[in-house]
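S.K.: Sending over a structure as structure tokens; questions will come in a sec.
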Amino acid sequence: MASAEEAMKTVATALDTLYNNPDNAAKLRANTWLQDFQHTKEAWATSNALLLAPDAPIQWKLFAAQTFRAKATYDLSQLTPPERVSLRDMLLAAMEAFAGGPRPVLTQICLALAVMALQMPDWNDAVQGLIKAYGGDVRMVNALLDFLTVLPEVVGEAHVPISQEEANQRAAALLSDNSEQVLALLAAYIKADGVTEAIQQSVFECARIWITYGEISPLSFAATPLFDFAFRGLSDDMLFDGAVDIICDLIHETQEVSENLPVIQKVVPMVIALQPMLIQAADDPERIKGICRIFVQAGESYRQLIVHHPETFFPIVQAIAQCSAMDDFDVVPVTFPFWYRFAGALGKMTQVPKQFMEVYEGLVHTLIRHLQYPQDPTGLSPQEMDEFRDFRHEMGDTLKDCCSILGADKCLGIALEHIKVAVAKHESWQAIEAPLFSMRSMGAEVDIQGTSVIPQVLELIPNLPQHPRVRYAALLFAGRYTEWINLRPDYIPFIMSYISEGFATNDPEVIAAASQAMSYLCKDCKTHLVSYLPELHQFLQTRGLQMHQEDVMSIYDGVAWVLSSLPVSEAAAGLLQFSTPLIQQVATATQRAGEYSRDELKPVADALENLESLIKVMIGFGELFPTDCLDTPGRVWPIFDAFLARYGTTFFISERVTSVIRRAVQNWPADSCRPLAASVAVRMCQSFEESGFSGYIWISGKLIDRYFAGGDAQLHATFATMFDRETRKTIELFAEHQSRPDALQDVIDDYVHLLMQVAEQMPDSLYLSPSFPLIFQILLAGLKISNVDLNHVTLSFLLNVLNNPGLLNAALEPSLHPPAYVTSIRTTVETYAPQLLDALLTGMMDHYVEDCIDLVVEITHVIAKLWQRQLLTWLEPALAQIPDNLVLPEAKVVFFNDMTSALGPSSIDKVKQAVLNLHRASRRLRQRRMHMMDMARDR
């Protein structure tokens, strides 16, 4: 008794700290302790005492109820069958005690009872018994409805330790076998004398849950007073939300039309009769939104009926169009899914009926009106402006749906008429910008071979107002239709002129739009823009120097596309013309006597970024690589080499230079660059030693991958030296960051990629290195850092190492003489095996994604095959290191026993299942903790 009282006091103290202590750190410690306490067997009795304590604060009682729910879900195995019956009876008594509230405590008790009912097959009359005991007791109505409401969700989704077969059997016993009785109870409650609106709302919610889980059929529901009352509830402020929810779910469950025609025949007239409410409730946006939801749900569910029986169902479409036309931007998006799905249904018809065509035509007008910016956009907050822009893009998608029904030319024509009217009436810029935006949105649907509207728009563009937003929209329109312009090159001079005028403005958004339009024009009309290359070159050397880098880079990207259309020799000359000024910027920075400041280096970094955009053009040459370009790396590399010698320790410079080198390594023929590989390797090595920037070792790996083959012994020796020096630097960095290895994750990631190349091409340099044990420690760190890409590449590399044929052969036939490095691998793995297993299993249970879990299983299986006798010896200390908050001690014991059983010669494949079982146990614990955290937020 004393220990129980002591436990009660300890929990009470922790709860008092959680709710009353102003110290957040103390609160966090208390919350963590309480979550851990909920795992213990003592929590049953302590929670019972808390729940029954007459003077305990409500938060304590809620904690006790939540604990019962959590333990009933995850820890019922702690109780014997008689103890489970006692617990059930205690919870039923608590359900009666809290029937009048507080509601949160009552709900947790009901959840606990529902979870117990799922796991107690001998509690056969759980539902019938509660209905019989409490169904006629006015005081227990709320409690009974609460239990019946949570039961389907618990049965369908609870994370309880029972098999799927058992779950299915209990679902039938608890839900399917009782659905008629539950429906009858709900129908009786909805019209009972003295029933309150709160109870009616609970009846709606309970019925809705049973319908959505498929336990009450729409036909059965429609045959009860609940059906009519749901529609009547739409006129009651208190019942409105619940009525909308149940009507929407009922309609959704009748979308299998052939099975539900009798219900649909009752639903549709009731829904159509709601249309006047869209006008009557004009001043109540929430009511409007609810009615709109019902119409949209009916439209989506019955769209095939609407298509084939418009005489009956067309009013639903009209009502949805009415909702789309409203000015409330919370209401309008609710209709968009309908227009998308309905367009899909109409698209299957050989001819769309006129009335549907007219609806979609009206929708285009509506959406163009909605696209207009407010008269005073400055009145919107930044968040509101972002939301409005997102809304415009949603409307753009719906305009595409309109195009699929009306044809893009028709929709473009409507937008064009809006522009003409706005210009003729001298309307605001908003009235012109909106249809231009709509035309850009509809671009993907336009047949570039036949549209007649685009030339009319292009003729209008010069006469549009010079407002920045209009120019911005017009430029983006031009950029969207460059494929059309490519087929009509006579328009190119006009478009080039208009884009150039955009660059002459001071508005950054207009300039950005002009850059994007120019890029698209160059890409789609590349063969027609060759004659403009001199102008583009002059522009980049003058106006380009004052523009934002992102805009300049867009133009360089466009230039690359134009160059790609030229014959090989001409393309080489063009590339030289555009790249020379960029390379010269790098050379100037290298040759200047004084050091550049960071600000002075920024333009050089931009030049390198633009150079990379140009080099991408070389990808298209393939085997037709221009001979004039073969010696380019040899002429440029000395400049880059000297530049890195001076500025390679500046991070953004290292990123830009290595990106350019990567393009050269990938795109230039290997034979033309191989003579430079040794010099590049030395510079990468020196720069990494000086800076510690990971990009340099990333390039080192690319060099080995690209140039190792070829039989050049001197180059191979250079690569070996490079790897050795970079390894020493990585080990040095790793030692400096022992306390925070995650700060080194980029270096470790790129170093592991380097290891993969070294292991494949020159394994002796890796495995026979005296540093290999230290390298293995770096790999262990890569397993522990929470980084998806790093974890995956490290696990993949380790699996490749352990799958080395020499290892397996030596394990099977000790008399064989495997490669010398096999001994190094074996010795290192055996030295660090407990740490390796700890890292693998901890990562699997803590932060690995699913692909990594598969690799952990494979690696553990390989270790079991290679080291059967030692594995259990290693596993014991490894499991001891895994925190109990990742997996419970009893799950560790089960795993160890499973592994012991699996380590026989005929059962080794059971190792995989043992690892997966441990992962599942950990995942269940994690789900439990997430539930605990959710419940803690509710406290």
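The values are calculated or read from the model by the stated rules, or taken from the named source; none is laboratory data. The structure displayed is predicted, hence computed values, not measured ones. Positions of Cβ are backbone-derived with ideal geometry, glycine not excepted, and every protein chain shown enters the neighbour counts.
S.K.: Look at segment 6-41 and say how many of its residues are under 16 Å from Ala72 (Cβ atoms) and surrounded by fewer than 16 Cβ atoms within 10 Å (Cβ to Cβ).
M.R.: Residues that pass the stated criteria total 2.
S.K.: Would a scan of segment 871-890 turn up a residue that is assigned to a helix (DSSP H, G or I) and either more than 30 Å from Leu807 (Cα to Cα) or in contact with a Cys (Cβ under 8 Å, 6 or more places away or on another chain) (or both)? Walk me through it before giving the result.
M.R.: Within segment 871-890, the first condition is being assigned to a helix (DSSP H, G or I), and the residues that meet it are 871-881, 889-890.
Imposing the further condition that a residue be either more than 30 Å from Leu807 (Cα to Cα) or in contact with a Cys (Cβ under 8 Å, 6 or more places away or on another chain) (or both) reduces the set to 889-890.
Checking segment 871-890: at least one residue is assigned to a helix (DSSP H, G or I) and either more than 30 Å from Leu807 (Cα to Cα) or in contact with a Cys (Cβ under 8 Å, 6 or more places away or on another chain) (or both).
Quick grid of which residues meet (1) among the aliphatic types (A, V, I, L, M); (2) assigned to a helix (DSSP H, G or I); (3) in contact with a helix residue (DSSP H, G or I) (Cβ under 6 Å, 6 or more places away or on another chain):
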residue: Ile432; (1), (2), (3): yes, yes, yes
residue: Phe437; (1), (2), (3): no, yes, yes
residue: Ile448; (1), (2), (3): yes, no, yes
residue: Pro455; (1), (2), (3): no, yes, no
residue: Leu458; (1), (2), (3): yes, yes, no
residue: Ile461; (1), (2), (3): yes, yes, yes
residue: Ala474; (1), (2), (3): yes, yes, yes
residue: Ala478; (1), (2), (3): yes, yes, yes
residue: Asp490; (1), (2), (3): no, yes, no
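S.K.: Of the residues Ser765, Ser796, which single one is surrounded by fewer than 19 Cβ atoms within 10 Å (Cβ to Cβ) and either among the hydroxyl-bearing types (Ser, Thr, Tyr) or assigned to a helix (DSSP H, G or I) (or both)? Walk me through it before giving the result.
M.R.: Values: Ser765 fails: surrounded by fewer than 19 Cβ atoms within 10 Å (Cβ to Cβ).
Residue meeting the stated conditions: Ser796.
S.K.: Could you list all residues from segment 375-391 that are outside any helix (DSSP H, G or I), within 22 Å of Ala431 (Cβ to Cβ) and out of contact with any helix residue (DSSP H, G or I) (no Cβ under 8 Å at 6 or more places or on another chain)? Before you say what the answer is, go through the steps one by one.
M.R.: Quick first cut of segment 375-391, residues outside any helix (DSSP H, G or I) only: 375-376, 380-381.
So of that shortlist, the ones also within 22 Å of Ala431 (Cβ to Cβ) come out as 375-376, 380.
Passing the criteria: only Asp376.
S.K.: Separate question: May I ask you to list the residues in segment 108-130 that are part of a helix (DSSP H, G or I) and either more than 44 Å from the chain's Cα centre (by Cα) or surrounded by fewer than 19 Cβ atoms within 10 Å (Cβ to Cβ) (or both)?
M.R.: We begin by selecting, within segment 108-130, every residue part of a helix (DSSP H, G or I); these are 108-119, 126-130.
Gln128, Gly129, listed by residue number.
S.K.: How many of the residues making up segment 711-750 are under 14 Å from Gly695 (Cβ atoms) and outside any helix (DSSP H, G or I)?
M.R.: The total comes to 0.
S.K.: Still on this structure, please answer the following. Every residue in segment 75-101 that is among the polar types (S, T, N, Q) and not in a loop (DSSP other than H, G, I, E, B), please.
M.R.: So the first thing to find is which residues in segment 75-101 are among the polar types (S, T, N, Q), and the list is 77-78, 80, 86.
If the condition is that a residue be among the polar types (S, T, N, Q) and not in a loop (DSSP other than H, G, I, E, B), then Ser77, Gln78, Ser86 are the ones that fit.
S.K.: I would also like to ask the following. Among the residues of segment 413-429, count how many are touching a residue at least 12 places away in the same chain (Cβ under 8 Å) and farther than 11 Å from Ile368 by Cβ.
M.R.: 5
S.K.: So, one more: Could you list all residues from segment 158-169 that are touching a residue at least 40 places away in the same chain (Cβ under 8 Å) and not in a loop (DSSP other than H, G, I, E, B)?
M.R.: Within segment 158-169, the first condition is being touching a residue at least 40 places away in the same chain (Cβ under 8 Å), and the residues that meet it are 158-162, 166-167, 169.
The answer is Glu166, Ala167, Gln169.
S.K.: Within segment 134-157, is even one residue among the β-branched types (Val, Ile, Thr) and part of a loop (DSSP other than H, G, I, E, B)? Explain how you work it out, then say what you get.
M.R.: Start the filter on segment 134-157 by keeping residues that are among the β-branched types (Val, Ile, Thr), which leaves 138, 141, 149-150, 154-155.
Adding the requirement that they be part of a loop (DSSP other than H, G, I, E, B) leaves none.
Among the residues of segment 134-157, not one is among the β-branched types (Val, Ile, Thr) and part of a loop (DSSP other than H, G, I, E, B), which makes the answer no.
S.K.: Can you find a residue in segment 287-294 that is at pLDDT 95 or above, outside the structural domain of Leu148 (by TED's automatic domain parsing) and touching a Lys or Arg at 6+ places or on another chain (Cβ under 6 Å)?
M.R.: No.
A quick yes/no check of all residues on (1) crowded, with 16+ Cβ neighbours inside 10 Å; (2) under 23 Å from Tyr696 (Cβ atoms); (3) small (Gly, Ala, Ser); (4) over 42 Å from the mean Cα position of the chain (by Cα):
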residue: Ala572; (1), (2), (3), (4): yes, no, yes, yes
residue: Leu582; (1), (2), (3), (4): yes, yes, no, no
residue: Arg592; (1), (2), (3), (4): no, no, no, yes
residue: Val604; (1), (2), (3), (4): yes, yes, no, no
residue: Glu609; (1), (2), (3), (4): yes, yes, no, no
residue: Ser613; (1), (2), (3), (4): yes, yes, yes, no
residue: Phe625; (1), (2), (3), (4): yes, no, no, no
residue: Cys629; (1), (2), (3), (4): yes, no, no, yes
